[in-house]
1. Restricting to the stretch 68-92, what's the tally of residues that are within 20 Å of GLY40 (Cα to Cα) and more than 14 Å from the chain's Cα centre (by Cα)?
2. When ILE65 is evaluated against the numbered criteria (1) open to solvent by 20 Å² or more (accessible area, probe 1.4 Å); (2) farther than 25 Å from ARG4 by Cα; (3) over 11 Å from the mean Cα position of the chain (by Cα), which criterion, by number, is the only one it fails?
3. Sort through VAL110, VAL45 and tell me the only one that's of a type in the set (Val, Ile, Thr), open to solvent by less than 80 Å² (accessible area, probe 1.4 Å), modelled with pLDDT of 95 or more and within 30 Å of ASP6 (Cβ to Cβ).
4. What about GLY73, is it in contact (Cβ under 8 Å) with a residue 24 or more places away in the chain, closer than 17 Å to ILE31 by Cα and not aliphatic (A, V, I, L, M)?
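The values are calculated or read from the model by the stated rules, or taken from the named source; none is laboratory data. For clarity, every value in this text was computed on a predicted model and none was experimentally measured. Using ideal geometry, Cβ is built from the backbone for each residue, glycine included, and neighbour counts are taken over all protein chains shown. Please note that ligands, DNA and RNA were not included when accessible areas were found on the heavy atoms of the full protein model with its side chains. Shrake-Rupley method; radii C 1.70, N 1.55, O 1.52, S 1.80 Å.
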Amino acid sequence: ETLRLDTKVNAAARGTQLFNGCLALMEKYDIIGDVRGGHGLMTGVEIVSDAANKTPMDTVVMKQIHKAVYDAGVMVRLGGNNILMSPPLIITEGEVDHVLGALDAGLGSV
C-alpha cells in the first residue's frame, strides 16, 4: 500500500514552521517591518529601511536581497518591498529550513 502525504496537515505544520522562522528572523534583522501569514504556507516578509516609520525598502536593496536568496538556492517573489513565498503543500521540514537559511543569507547580505 502506498503511503500518501496528508497535504493539509503538512501545509499547516510547515506553514507554522515557515511563519515562526520568519518571526525569528524579524528578531534578528531591523529591516524586517512585518511578517504576514501563519495560516497555511503563504508567507510575506515586509522589508523596511526605517523600522520606526515602516519606510519601504528601496528597489535596489530589494533586488540585492532577492539575488542573495536565489544564490543561496531558494526562489522567492518580490512584491514591492515584500518577499513573498507560497511553497508547495508537499514541502518538507528540511526544505523549509533551507528556505529560512536562504532568507537569513539574503537579509544578512545588505
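1. Residues of the stretch 68-92 that are within 20 Å of GLY40 (Cα to Cα), as a first pass: 74-79, 82-92.
Restricting the remaining residues to those that are more than 14 Å from the chain's Cα centre (by Cα) gives 89-90, 92.
Matching residues across the stretch 68-92 total 3.
2. Evaluating ILE65 over (1) open to solvent by 20 Å² or more (accessible area, probe 1.4 Å); (2) farther than 25 Å from ARG4 by Cα; (3) over 11 Å from the mean Cα position of the chain (by Cα) leaves (1) as the failure.
3. One residue alone meets the criteria, VAL45.
4. no
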